[in-house]
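Enquirer: Before we start, here is the structure in question, set down as structure tokens.
The values are calculated or read from the model by the stated rules, or taken from the named source; none is laboratory data. Keep in mind the model is a prediction, meaning the values are calculated, not measured. Glycine gets a Cβ as well: all are built from the backbone with ideal geometry, and neighbour counts include every protein chain shown.
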Amino acid sequence: MSDIIEFNRISKRQFLKFCSLGAAGLCFGLENADALAGTVFNKISPKPNDDLWKWSKEALYYEKTSTGLYCKKCPNECSLDEGETGICRNRVNYKNKLYSIAYGNPCAVYIDPVEKKPLFHFMPTAKAFSIACAGCNLRCLNCQNWEISQSNPKDTQNYDMMPSKVIQLVKQNNCETIAYTYSEPTTFYEYALDTSKIAHQNGIKNILKSNGYINEAPLRELAKQLDAANIDLKTFDKNTFEKLSQGKLDTVLQTLKILKEEKVWLEVTNLVIPGWTDNVDIIKKMCNWLVKNNLYECPLHFTRFSPLYKLTHLPVTPVQTLEKARDIAVKAGMKFVYIGNVPGHWAENTYCPKCYKMLIERKGFSILNNYISKGKCKFCGEKIAGVW
């Protein structure tokens, strides 16, 4: 029972919520759940006389204006009057100062293999101590973790886990990395930034799993602490991007280029949604852009859509559609292209772009064989991009 976190203390309704999170991919528990015993709680709220609750910190990247506070962390650029909360649901104007209320209070804490992020060319088989706070700055119709991403930190079941506590648990559970993931980590920016700094001081790697919807200045500051990132490039069509996620495509494209400039190991995920993001001409344009911008060695993951959230009426993505997308990417010049959410498919393996022999054999998130030696193909000596 050591891999079950506090299930004996939650209601049937809460148990079903945990199960739904598991179906969405949040299914790995802590190896030592006793380390968190007694830290689970519901709806933390400030006492009437408290200025701010414990899990708050003054936000970075905002300005005071004559009409309120102007948040400059992401392109939403929320203008907030006293007491108002931003689109992300976790940045609040309190007495003319902007605060993050997603600091040290993650609602999801699990240990994952890095392959689950997905990261296929970064420290294979390494364990990622994965944390998330409630909130997101997009409104994706297909969100798989909507129960936390579309919530306020005061409405989720959270852990009391300040940055130093995270580092303690990472070491205790023998994890090599920390992943800021599940919801949108750029919305709990201050928490991720502070934790990542301490992580590096302790020789721990940092991973960002993000929608990439963040302004340049805060991204560059965070990138200094990042070792790897997987960015969701939801579609290459601007109109579809806005309808699907209520965001702007250009910002995500800028994020990809900046992470490359900052020398963060980068992988890209494109969720192929029937009727939304499966247009072959748009996929071709996306792949051509990646190649043109010297991102051809960044692994590209075409992942299978399952009906969730507000798109439950759609079918599962046909495997043939994913295979067609992969063919387009390879012909465009992408060196490493994967098909995800189809366990057992040959395209979840890594192949040498020169001799075409299989280098890493995978089954789901497990690695069965690895023929990469010192970053090179064991068979022909070709250098394989990645952090090995």
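Enquirer: Can LEU193 be described as buried (at least 24 other Cβ atoms within 10 Å of the Cβ), in contact with a Leu (Cβ under 7 Å, 6 or more places away or on another chain) and either in contact (Cβ under 8 Å) with a residue 40 or more places away in the chain or not in a helix (DSSP H, G or I) (or both)? Reasoning before the result, please.
Expert: On the way: buried (at least 24 other Cβ atoms within 10 Å of the Cβ): no; in contact with a Leu (Cβ under 7 Å, 6 or more places away or on another chain): yes; either in contact (Cβ under 8 Å) with a residue 40 or more places away in the chain or not in a helix (DSSP H, G or I) (or both): yes.
Against the criterion (buried (at least 24 other Cβ atoms within 10 Å of the Cβ), in contact with a Leu (Cβ under 7 Å, 6 or more places away or on another chain) and either in contact (Cβ under 8 Å) with a residue 40 or more places away in the chain or not in a helix (DSSP H, G or I) (or both)), LEU193 does not qualify.
Enquirer: Is there any pair linking a residue in the range 362-376 that is in a strand (DSSP E or B) to one that is polar (S, T, N, Q) and surrounded by 16 or more Cβ atoms within 10 Å (Cβ to Cβ), with Cβ under 8 Å and at least six apart or on different chains, and which?
Expert: ARG362/ASN349; ARG362/THR350; ILE372/THR350
Enquirer: Then there is this: Need the failing condition index for GLN144 against (1) surrounded by 24 or more Cβ atoms within 10 Å (Cβ to Cβ); (2) touching a residue at least 60 places away in the same chain (Cβ under 8 Å), just the number.
Expert: Unmet condition: (1).
Enquirer: Can we say TYR182 is buried (at least 18 other Cβ atoms within 10 Å of the Cβ), assigned to a loop (DSSP other than H, G, I, E, B), among the aromatic types (Phe, Trp, Tyr) and touching a residue at least 60 places away in the same chain (Cβ under 8 Å)? Give the steps one after another, and end with the answer.
Expert: Values: buried (at least 18 other Cβ atoms within 10 Å of the Cβ): yes; assigned to a loop (DSSP other than H, G, I, E, B): yes; among the aromatic types (Phe, Trp, Tyr): yes; touching a residue at least 60 places away in the same chain (Cβ under 8 Å): yes.
Considered against the rule, which asks whether it is buried (at least 18 other Cβ atoms within 10 Å of the Cβ), assigned to a loop (DSSP other than H, G, I, E, B), among the aromatic types (Phe, Trp, Tyr) and touching a residue at least 60 places away in the same chain (Cβ under 8 Å), TYR182 comes out as yes.
Enquirer: Let me ask you something else. For the subset of the range 73-88 comprising residues that are under 16 Å from LYS57 (Cβ atoms) and in a loop (DSSP other than H, G, I, E, B), which member is farthest from the chain's Cα centre (by Cα)?
Expert: That would be GLY86.
Enquirer: Given the options ASN174, ASN206, name the one that is among the polar types (S, T, N, Q), modelled with pLDDT of 95 or more and part of a strand (DSSP E or B).
Expert: When all the criteria are applied, what remains is ASN206.
Enquirer: Right, here's the next one. Can you find, within the range 377-388, the residue that is surrounded by the most Cβ atoms within 10 Å (Cβ to Cβ) among those that are in contact with a Phe, Trp or Tyr (Cβ under 9 Å, 6 or more places away or on another chain) and closer than 20 Å to ALA228 by Cβ?
Expert: Checking each candidate, the answer is ILE384.
Enquirer: Sticking with this one: Would you confirm whether any residue within the range 140-156 is in contact with a Pro (Cβ under 9 Å, 6 or more places away or on another chain), on the phi < 0 side of the Ramachandran plot and aromatic (Phe, Trp, Tyr)?
Expert: no
Enquirer: A further question on this structure: Which residues, taken from the range 141-175, are within 30 Å of THR240 (Cα to Cα) and among the hydroxyl-bearing types (Ser, Thr, Tyr)?
Expert: Those that are within 30 Å of THR240 (Cα to Cα) and among the hydroxyl-bearing types (Ser, Thr, Tyr): SER149, SER151.
So that you can scan it fast, the table gives a plain yes or no per residue for (1) under 17 Å from the mean Cα position of the chain (by Cα); (2) outside the structural domain of TRP346 (by TED's automatic domain parsing); (3) not in a helix (DSSP H, G or I):
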{"residue": "PHE241", "(1), (2), (3)": "no, no, no"}
{"residue": "LEU244", "(1), (2), (3)": "no, no, no"}
{"residue": "VAL252", "(1), (2), (3)": "yes, no, no"}
{"residue": "LEU259", "(1), (2), (3)": "yes, no, no"}
{"residue": "VAL268", "(1), (2), (3)": "yes, no, yes"}
{"residue": "ASP281", "(1), (2), (3)": "no, no, no"}
{"residue": "ASN288", "(1), (2), (3)": "no, no, no"}
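Enquirer: Of the conditions (1) more than 26 Å from THR125 (Cα to Cα); (2) modelled with pLDDT under 95, GLY364 satisfies every one except a single condition; which number is it?
Expert: If we test GLY364 against (1) more than 26 Å from THR125 (Cα to Cα); (2) modelled with pLDDT under 95, just (1) comes out false.
Enquirer: Now, a different point. Could you please let me know if LEU314 is in a loop (DSSP other than H, G, I, E, B), surrounded by fewer than 19 Cβ atoms within 10 Å (Cβ to Cβ), modelled with pLDDT under 95 and not assigned by TED's automatic domain parsing to the domain that holds GLY364?
Expert: Spelling it out, it is not the case that LEU314 is in a loop (DSSP other than H, G, I, E, B), surrounded by fewer than 19 Cβ atoms within 10 Å (Cβ to Cβ), modelled with pLDDT under 95 and not assigned by TED's automatic domain parsing to the domain that holds GLY364.
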